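The next block holds one structure in the form of structure tokens; read it before the comments.
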Protein chains: 4
Amino acid sequence: MSTPGDDPDTLDRTDPEGEIGARAEAFRNWGRWGEDDVLGTLNFIDPAKRVEAAALVSSGESISLAQRFDTNGPQKGWRRRTNPVHTMTDTGVDAERGNQGFPHGIGGADDVISMPLQCSTQWDGLGHIFDHGFAWNGRRAGDVVTSEGDLVTGIEHAASAIVSRGVLLDVGRFLEPETGELPDGYAITAADLDACIRAQGPSAEVRRGDIVLVRTGQYTRVHREGWGDYAGGAAPGLSLTTAGWLHRTEIAAIATDTWGFEVRPNEFDVPAFQPLHQVVIPNLGLTIGEMWNLDALADACATAGRWEFLLSAPPLPITGAVGSPINPVAIL
Amino acid sequence: MSTPGDDPDTLDRTDPEGEIGARAEAFRNWGRWGEDDVLGTLNFIDPAKRVEAAALVSSGESISLAQRFDTNGPQKGWRRRTNPVHTMTDTGVDAERGNQGFPHGIGGADDVISMPLQCSTQWDGLGHIFDHGFAWNGRRAGDVVTSEGDLVTGIEHAASAIVSRGVLLDVGRFLEPETGELPDGYAITAADLDACIRAQGPSAEVRRGDIVLVRTGQYTRVHREGWGDYAGGAAPGLSLTTAGWLHRTEIAAIATDTWGFEVRPNEFDVPAFQPLHQVVIPNLGLTIGEMWNLDALADACATAGRWEFLLSAPPLPITGAVGSPINPVAIL
Amino acid sequence: MSTPGDDPDTLDRTDPEGEIGARAEAFRNWGRWGEDDVLGTLNFIDPAKRVEAAALVSSGESISLAQRFDTNGPQKGWRRRTNPVHTMTDTGVDAERGNQGFPHGIGGADDVISMPLQCSTQWDGLGHIFDHGFAWNGRRAGDVVTSEGDLVTGIEHAASAIVSRGVLLDVGRFLEPETGELPDGYAITAADLDACIRAQGPSAEVRRGDIVLVRTGQYTRVHREGWGDYAGGAAPGLSLTTAGWLHRTEIAAIATDTWGFEVRPNEFDVPAFQPLHQVVIPNLGLTIGEMWNLDALADACATAGRWEFLLSAPPLPITGAVGSPINPVAIL
Amino acid sequence: MSTPGDDPDTLDRTDPEGEIGARAEAFRNWGRWGEDDVLGTLNFIDPAKRVEAAALVSSGESISLAQRFDTNGPQKGWRRRTNPVHTMTDTGVDAERGNQGFPHGIGGADDVISMPLQCSTQWDGLGHIFDHGFAWNGRRAGDVVTSEGDLVTGIEHAASAIVSRGVLLDVGRFLEPETGELPDGYAITAADLDACIRAQGPSAEVRRGDIVLVRTGQYTRVHREGWGDYAGGAAPGLSLTTAGWLHRTEIAAIATDTWGFEVRPNEFDVPAFQPLHQVVIPNLGLTIGEMWNLDALADACATAGRWEFLLSAPPLPITGAVGSPINPVAIL
């Protein structure tokens, strides 16, 4: 079998299993960092990489790349993915009325939250997706993630790892200079990514250990027009054929401003579901970010003409979690 | 009324309301950043500060300062502060057994969490504490935090703010060089902080806009011996008399490795509850971190002989929250 | 002021506050069962009433009157009223795979739920609604229900109370014999209720201490056609002008098959919200049931030509709750 | 293999798997109510049984048999079994202060809950326990209960079923007349049950379709002295050797005032866990109630000298649940 190429025209759109399988086999990183590895491509980030990243800070501007965690979010309950429910256990109204029972005039407010870990801006952990019953590094899915959580590759293992050089590829702005927004269903190719890098210039060069942020503009659109089917509907995103690009660039992680990272509907004429996830999470060991808000960063980068920055996006170390809500911060 | 001093011996231990009130009045920052301010002392962090902070990165080592978010955490249910409950909505066991209904061999795991926002490593937001019915910047507590959440100073406003120079003051190691652990009930004074800074050397100098991390060693102890009464029991921590130090240093935020930041039991012979919170959150507008894990950082700093670093600790932008779970990262 | 009448034509549709106030004053039961009362009209149920109710059992058929508690329920998040989220902490898939760590071949499944107490079939407790800052029996709303819950009239106090004679008034079938479904927006009047009773015959007579169930047929419709705006949209229901009927019949409780018990939109030309709730919960002390499934019961009653039965509908004794999920059972 | 007997002295305390297996085989009801059955022994309750039960009502007294659902409950987090967390989304304090935005003086309070379905008074559903990977009626455990819940025998199927004759066996009072409380670790035998029935007289006779309530007195003790290890610690309860009694009496369901229904520690000298559950839930199809509060009922029955009553204990129809919180009511 030859190595699968980057050209979407060569995809057999009637054979998702074959197309996925060819890429899984060609780009599999199992064993690359030892039998016990729990980090996958995050291993590409080393201390020298972080020194390189910190050196990029020039203006000192700090930009949150998170969407809100809000009851009025995009989720519609698919597979119990609801919006967060945030409730108060104590309030200022109570404090002011004097019903809290505390001495010397102190009052307090406290709160709780119930939420899917992937309800808003998040990382997909390595235990989030399986390929034919196998998880990252070739482990049996059922040995890794049980009802007790991810017993092996829980997101807590990445608590210190995800600080690196970030590179924004504003594909929306590059391909659609007038609106800055790709249409739903647009499949971003490896050629698109490379062309966007060339257009943005040297600061957009993608290197080993980078965290690549791909802005499609879809979030800009739903932020303006209402959520609609943002959670699970049609969306621009990466083509399955970018699997090779994601592998050979040796990036540490990638994130987009969409619900599902890859193009939707998926690129097949038969039922298919998130084929690129199936290739890159369990086989490459790639950490994927979704539902990021890249708009303020895109404006700042365009203004500065610079597309690289220090990116700090550590997950919450929830024991055994297969994903994590995050507030990534770019420091320019 | 003269400005309250730093000497704990001058505290009237029968009059918490008076001692709190004197400090609230003396150190109040209301209006300092305008009537509409929602950030308090986080305003001390400006872009130049972040440039200064990023320049501190030398080894590129990244250290998570979070404790785990875990069912087996320290919480005992006080005021409904429970440990997080993390459950799976899909698992690898299900994927392997083939019951998920997905095509072409893809399987998935997903999860949800229910937790108090202050169950583990966290920031106290500005809406967390009130003084005689008033919140930060002089607003009525009942105008700010209702059952719908913090309508004014919700933690989402700080989403981009909390990246700065971090300074670790390892008071535990300084005062108890053999064990590195202060005894429960030890009240850290302004003099202790200043002496610790002098002992640690120039890299420990505390400056405007810094985020100061105070290690007491209590977490080291409970991590070794079991949680015990970590959540709400006796603990080392800052004396009420450090309020002036916290004000005049113009730090942006402060965090400790304890449940409650300030010394417990509190320093009064009559009922009292978290008096330093009452002074610094609603009056100074100071953001406070609690339940941080400073042990790995302390070891790294001691080894390097350097106590300053880039600190990235953005809150999750949960709309209307009065606190946030966080995974702070120090980059050395 | 004369006692407000039953005729909707006399309503001043520009003055909800006046119309509500007149009924609140005329029909207020404050003090009727003493200053410390926590049950309101549930006091009308005495042991003799339960003996009378039990004697109604003839066929022994038992019919659940609950809708499902289901992720795919009607809630849309209004005021954080979501559908329940039910997740497993252990499963049969895990047990079968042998990963639970139990001895001698035992395996187990366990589950948790997060839900608003009013997400599906429920009772409104006495602390659910206030009238100008006053709760049931004339207490200050803020003395009764704080962030800690209902400190006075929590639903746990009714744990043993709600077993009585039930009477089904199938107003849908009576007024719309062909479809059995009232149109959305139809305001059921006292005259309608009385006419329905006469049409159904002696077994439908309403007496002191009864629990009256009013079927509108709306649930039948949404069960067939999809939830649509069942939660909060237009619906048939009781007219504000039935307040007198609800008072003089001395019923213990009432329930409907709709989201909101009373007609929606409400009967005013200016902004109004659930005016009948405002009259009957805090003023009469009436317990209201909503979102019941009365369809199987209606069929059984129509077949038998008997509209009375033993009704058991105890709330879950959740400390301090202002409502409760329930599974009411009619025993015929 | 001979049918296992009722005598605990014949138990081989080194062989739980053998002792369980013998009883599972001897008393298995698989197929008894057809291949599609989802109710197990609840099938023993028929309409005639409910007529018989309703005829028992004489005084009309109604007694809740539920413990509170309360944050300060017995749970300690074992296998994520926590106490319920009940929080308010609107309160009377807010209503009184006028911050809810409703017209004409109406105010409201609402609430949500997060809880394990087995945190307090509950039924164990048929999907709660498996025997060597098999669920009730011989189904594969993994075909029945996945991460999506119990797809076959979910508790919603029993929504109308659980109303029958209840019989209280106050074994605590019978065996320990002075205290009314069995010591922790006491194994109640079939002989004990029969002797208790004889002592209580004809009204305590146990018949097909009954719901039997066994009071040990442990709840009385922990209610007085504090929860201690009520959740999972040592307790009085049924001996494994009562399996035959539970089978031949053809009861519909059974409940106790303890956490775990059967005696704890279990009756083996080697590691064992809830062996009677393993026999009776998946093999007999018996529905088990736990953590009931039988004290008020026991007093009423002792006073009346009558131990039978109408019992209404329908579960909440939570789709796919393997258990349900309940408020059972006895009507005397």
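For the reader, a short list of remarks on this structure follows.
- Chains D and C together, accessible area buried on both sides, 1.4 angstrom probe, square angstrom: 7200
- Estimated inter-spin distance, residue A:303 and residue C:248, nm [label 7 Å along Cα→Cβ]: 7.2
- Solvent-accessible surface of protein heavy atoms, probed at 1.4 angstrom with all chains present, puts C:94, D:194 in the order D:194, C:94, largest first.
- Electrostatic dipole magnitude of the range D:86-223 [Cβ: Lys, Arg +1; Asp, Glu -1; Cα centre; debye, to 20]: 440
- Mean separation of Cα pairs under 8 Å and 6 or more residues apart, divided by the residue count, gives the range C:208-332 a relative contact order of 25 percent.
- 28 Å Cα-Cα reach of residue B:76 towards lysines, excluding residues that sit fewer than 8 places from it in its own chain: D:76
- Karplus-based coupling profile of the range C:94-111, in residue order and whole Hz: 5, 4, 5, 7, x, 9, 8, x, 8, x, 6, x, 7, x, x, 10, 9, 8, with θ = phi - 60° in 6.51 cos²θ - 1.76 cosθ + 1.60 and x standing for Gly or Pro.
- Taking every DSSP beta bridge that has both ends in the range A:231-332, the antiparallel portion is near 50%.
- DSSP assigns beta bridges within the protein assembly as shown; of those with both partners inside it, close to 70 percent run antiparallel.
- Most positive-pole-ward Cα, C:235, C:185, C:247, against dipole of the range C:173-264 from beta carbon charges: C:247
- Each residue of the range B:314-328 is assigned a 3J(HN,Hα), and the resulting list reads x, x, 5, x, 7, 4, x, 6, 9, x, 8, x, 9, 10, x Hz, derived from the Karplus form 6.51 cos²θ - 1.76 cosθ + 1.60 (θ = phi - 60°), x at Gly and Pro.
- Distances in nm from residue A:248 to the matching label points in the other copies, shortest first (labels 7 Å along Cα to Cβ): 6.4, 7.8, 8.8
- Net charge dipole, the protein assembly as shown: roughly 0 debye, given to the nearest 20, about the Cα centre with Cβ charges of +1 for Lys and Arg and -1 for Asp and Glu.
- Estimated dipole of chain D in Debye, rounded to 20 [Cβ of Lys and Arg +1, of Asp and Glu -1, Cα centre]: 400
- Take the Cα of residue A:229, step 7 Å toward its Cβ, do the same at residue D:234, and the gap between the two points is 6.3 nm.
- Once the partner protein chains are put back, the range B:153-200 shows a loss of at least 30 square angstrom of accessible area, versus the chain by itself, at B:160, B:163 (probe 1.4 Å, ligands and nucleic acids excluded).
- At least 30 Å² of accessible area lost relative to the chain alone, listed for the range A:237-282 with a 1.4 Å probe: A:273, A:278
- The 3J(HN,Hα) values that the Karplus relation (6.51, -1.76, 1.60; θ = phi - 60°) gives for the range A:255-262 are, in residue order, 9, 10, 8, 10, 5, x, 6, 9 Hz. Gly and Pro appear as x.
- Accessible area of the protein assembly as shown belonging to carbon and sulfur atoms, whole % at 1.4 Å probe: 49
- Taking all protein chains together, A:17, B:156 sort by accessible area into A:17, B:156, largest first [probe 1.4 Å].
- In the assembly of identical copies, residue B:3 has its label point, taken 7 Å from Cα in the direction of the beta carbon, separated from the corresponding points by 6.7, 7.3, 9.1 nm (ascending, one decimal).
- The listed residues A:132, C:128, once ranked by accessible area (1.4 Å probe) with the largest placed first, stand as A:132, C:128.
- Under a 5 Å amide H cut-off, with hydrogens placed 1.01 Å from N, residue A:255 pairs with A:212, A:213, A:214, A:289 among residues at least 5 apart or on other chains.
- Here the contact order of the range A:118-165, divided by its residue count and restricted to Cα pairs under 8 Å and six or more residues apart, works out to 28 percent.
- Computed on chain C, with alpha-carbon pairs under 8 angstrom and 6+ residues apart, the relative contact order is 31 percent.
- Rounded to the nearest 10 square angstrom, residue C:33 shows an accessible area of 60 square angstrom against a 1.4 Å probe.
- For the range B:265-307, the residues whose backbone nitrogen is under 19 Å from a point 7 Å from the Cα of residue B:199, taken along Cα to Cβ, are B:294-307.
- Euclidean distance between Cα centres, the range B:317-332 to the range B:1-79, Å: 14
- Taking amide H as placed 1.01 Å from N in the peptide plane, residue B:89 has its amide H under 5 Å from the amide H of B:110, B:111, B:112, each at least 5 places away in sequence or on another chain.
- The range B:246-297 and the range B:97-135: distance between their alpha carbon centers, rounded to Å: 25
- Within 10 Å of the Cβ of each residue in A:301-313, the mean number of Cβ atoms contributed by other protein chains is 2.
- All distinct Cα pairs of the protein assembly as shown go into the 1/r average, and the inverse of that average, the Kirkwood radius, is 32.9 Å.
- Spatial separation of Cα centroids for the range D:189-210 and the range C:224-244, in angstrom: 50
- Residues in chain A average 30 Å² of solvent-accessible surface per residue, probe 1.4 Å, ligands and nucleic acids excluded.
- Note on chain D: helix-only mean residue ellipticity at 222 nm, from DSSP H runs of 4+ residues weighted -39500 (n - 2.57) and normalised by residue number, equals -6000 deg cm²/dmol.
The values are calculated or read from the model by the stated rules, or taken from the named source; none is laboratory data. In this text, all values refer to a predicted model and were calculated from it rather than measured experimentally. When we count neighbours, we look across all protein chains shown, and the Cβ atoms used for this are built from the backbone with ideal geometry, even at glycine. Ligands, DNA and RNA are excluded from the accessible area calculation, which covers all protein heavy atoms including side chains. Shrake-Rupley method; radii C 1.70, N 1.55, O 1.52, S 1.80 Å.
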